[in-house]
Amino acid sequence: MQDARSKKQEIRSKMQETRGKRQETRCQMQEARGKKNFSLSSIIWFLTSGFLLLTSCLLFLAGCSTTLSEHNKETPSTPIVWPLPPEPTRIGYEGILEKPDDAGTKKGFFRRIFEFLAGETTDRIIKPYGIAVDSTGRILVADTAFKRLHIFDKKDGNYTWIDEFNNRGFVSPIGIAVDNQDNIYVSDSELNKIFVFNRKGKLLSEITQNIQRPTGIAVNKNEGFLYVVNTLGHNISVYNLSGKYLYIFGSRGRENGAFNFPTDIFVDKEGFVYVTDSMNFRVQIFNKAGKFVSMFGRQGDGSGNFARPKGVAVDRSGNIYVVDALFDAVQIFNRDGRYLLGFGSSGHGMGNFWLPSGIFIDSKDRIYVSDSFNRRVQIFRYIGDETNENKK
């Protein structure tokens, strides 16, 4: 009887053990199902979070893009003009160039995502000097600190640049000029060279003969002459557009036709050559062959005087514009050197300057000024010629 009872108890224990194993198996199956559900939930959560994050990024970027666009198109509530009313307006403020967006450049989807995650690219202007505008309206800016030539194409909304060529690059690009074929001439004051590129940025040639710290450069498009200011040579070298050296005019001194650290140069539509004779505090005018014609200016701190004259340019009416870095202003003279008007003042706002340098005036009388230490180019327009003394 006891053996029978022991066997029955053993059978019951085995049945309970079997039930326990079945229960354990069920628990393991439920746990596995839970893990599968958890993994699926994790994937769904991850995808949902990623989608929400991406959407937030796009909304944020769209907001930034809108804000930036509005900033670039910002116009003053009251037009900035010179002279002040009620005098008739002669010069009007138009805008600025600081970065590619100012040329209306459109960034692609992935570029915007990349810049959001990695930070915005640093294609902005750092220290501009020379400026030129080609036949298609592209604005070219030499950046001495960035060691780059910025090219802003507002018409097509493109931004390109030149900073490396033939495994080399600029060291101190300063002056820019373009010819009738839109070939680009760039002076590098440290390398003592003039680099010549086609409009697509391909290096065509280099000019090295009779170069001594070149700064300003200018092209006579009608005659096919290239003028190069040799600041340390105190003279001007002249070449044809193939780079062949022709002659030099000027030497160090204070008499008419002599120079004392000249810096900038401009050729007007009639072929006259205007040179900023910086340390003689004057502007000298020559004919296309380098023969002295006239001069004006003297050192001083009043209107019409010079403290640190830099860029020089001429509008279609023959008015002469001279940038003065210490005055933080641009002064306008007639062909006889009579002071007409000045615009700009010290500061960081629209129409203010901080150590301006280069200047260029295009065929539509738009005035481009390198506002060097404000890291931008400001754009103005010559509006009227009622005070043009050249026509009296």
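The values are calculated or read from the model by the stated rules, or taken from the named source; none is laboratory data. All figures in this text were calculated on a predicted structure; none of them were measured in a lab. Cβ sites come from the backbone with ideal geometry, for glycine too, and all protein chains shown count toward neighbours. The accessibility values were calculated without ligands, DNA or RNA, using every heavy atom of the protein model including side chains. Shrake-Rupley method; radii C 1.70, N 1.55, O 1.52, S 1.80 Å.
Between residue 180 and residue 326, the modelled labels are 4.3 nm apart [label points 7 Å from Cα along Cα→Cβ].
If you take every residue apart from residue 213 with its C-beta less than 15 Å away from the C-beta of residue 213, what net charge results, scoring Lys and Arg +1 and Asp and Glu -1? Provide the component values of the computation, followed by the final result.
Working: positive: 193, 252; negative: 188, 190, 264.
After counting each charged neighbour, the total is -1.
Sum up the charges of everything whose Cβ sits under 14 Å from the Cβ of residue 269, counting Lys and Arg as +1 and Asp and Glu as -1, but leave residue 269 out. Don't skip to the answer; put the middle values down first.
Details: positive: 221, 288, 316, 335, 364; negative: 223, 268, 270, 315, 362, 365.
Residues near residue 269 contribute -1 overall.
Among the listed pairs 202/291; 127/155; 155/269; 154/193, those whose Cα-Cα separation exceeds 28 Å are 202/291; 154/193.
Once the Cβ-Cβ distance of residue 373 and residue 307 is raised to the sixth power relative to R0 = 22 Å, the FRET efficiency obtained is 0.90.
Give me the percent of the accessible area of the range 257-392 that comes from carbon and sulfur atoms, probe 1.4 Å, all protein chains in place.
Values: 2540 of 5230 Å².
Accessible surface attributable to carbon and sulfur in the range 257-392 totals 49 percent.
For residue 244 and residue 87, calculate 0.36 nm times their separation in residues minus their Cα-Cα distance, and state this gained length in nm to one decimal.
Between residue 244 and residue 87, full extension yields an extra 51.6 nm.
Mean separation of Cα pairs under 8 Å and 6 or more residues apart, divided by the residue count, gives the range 149-281 a relative contact order of 14 percent.
Each of residue 127 and residue 338 was given a label point 7 Å from its Cα along the Cα-to-Cβ line. The distance between the two points is 4.0 nm. The length gained by stretching the chain between residue 232 and residue 145 to full extension, at 0.36 nm per residue less their Cα-Cα distance, is 29.2 nm.
Between residue 192 and residue 168, 0.36 nm times their residue separation minus their Cα-Cα distance comes to what? If you can, show how the numbers build up before the last one.
Values: separation 24, 0.36 × 24 = 8.64 nm, distance 1.44 nm.
Fully extending the segment from residue 192 to residue 168 adds 7.2 nm.
Report the FRET efficiency, 1/(1 + (r/R0)^6), for residue 135 and residue 288, where r is their Cβ-Cβ distance and R0 is 22 Å, rounded to 0.05. E(calc), rounded to 0.05, equals 0.55. Across the range 125-176 the C-alpha pair distances fall into 5 Å bins from zero in the proportions 5, 23, 29, 23, 16, 5, 0 percent.
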